[in-house]
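First the structure, in the form of structure tokens, and then the observations on it.
The values are calculated or read from the model by the stated rules, or taken from the named source; none is laboratory data. Keep in mind the model is a prediction, meaning the values are calculated, not measured. FYI the Cβ positions are ideal-geometry reconstructions off the backbone, even for glycines, and counts take in every protein chain you see.
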């Protein structure tokens, strides 16, 4: 019995591992290129499809208003803005460019009531980073200033025929840096935001 008395009869209970929490719901958020000195932004619900845009020091997150996916504005100087809305394309047959052309006609009519002294200056097809779209070029008076604008309806690819995309509005008050319509989205910080715009969440 002496031998038995020397034994340790206590039970070895393996440590209980805490239950693993359910993995968080994965939400697609845009990959944002981080150039030196760039700043990020807090979006108001960019979920699907994901989007990304390079953001520089000269642009700030203006906190998207209701219905906006993203709003960027210049920090100082003549006002410039870059606003993104989701776009739903009504059912159509054939090429998406034709559908966007038809859609732009109704948008132009609405814009006449949306902007003071609205003047349509042109429209046509556009391609941004191999993503097809259609643009409306216009001018209007915003907050009392002559402002040039570019509204772009953009989809990720022509096939399969898309029903969703984005509606981008770029505005720039007339100034030495934005002297005419062609300058909107073609110079300064807005050029970077506009030309870097892509669908998707992975780095190209």
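Considering (1) under 30 Å from residue 92 (Cβ atoms); (2) surrounded by fewer than 16 Cβ atoms within 10 Å (Cβ to Cβ); (3) in contact with a strand residue (DSSP E or B) (Cβ under 9 Å, 6 or more places away or on another chain); (4) at pLDDT below 95, the lone condition that residue 112 does not fulfil carries the number (4). Only one residue in 66, 62 is closer than 20 Å to residue 185 by Cβ, surrounded by fewer than 20 Cβ atoms within 10 Å (Cβ to Cβ) and either touching a helix residue (DSSP H, G or I) at 6+ places or on another chain (Cβ under 7 Å) or at pLDDT below 90 (or both), so which one is that? That would be 62, the only listed residue that is closer than 20 Å to residue 185 by Cβ, surrounded by fewer than 20 Cβ atoms within 10 Å (Cβ to Cβ) and either touching a helix residue (DSSP H, G or I) at 6+ places or on another chain (Cβ under 7 Å) or at pLDDT below 90 (or both).
Within the option set 146, 154, being closer than 21 Å to residue 191 by Cα and at pLDDT below 95 holds for one residue only, 154. Taking the stretch 138-170 as the range and being assigned to a loop (DSSP other than H, G, I, E, B) and crowded, with 23+ Cβ neighbours inside 10 Å as the test, only 155 passes. For first residues located in the stretch 89-115 and under 16 Å from residue 152 (Cβ atoms), partners that are assigned to a helix (DSSP H, G or I) and lie 6+ apart or on another chain with Cβ distances below 6 Å form the pairs 89/99. Within the stretch 94-130, the set of residues being under 22 Å from residue 80 (Cβ atoms) and either in a strand (DSSP E or B) or in contact with a helix residue (DSSP H, G or I) (Cβ under 7 Å, 6 or more places away or on another chain) (or both) comprises 116, 117, 118, 119, 120, 121, 122, 123, 126, 128.
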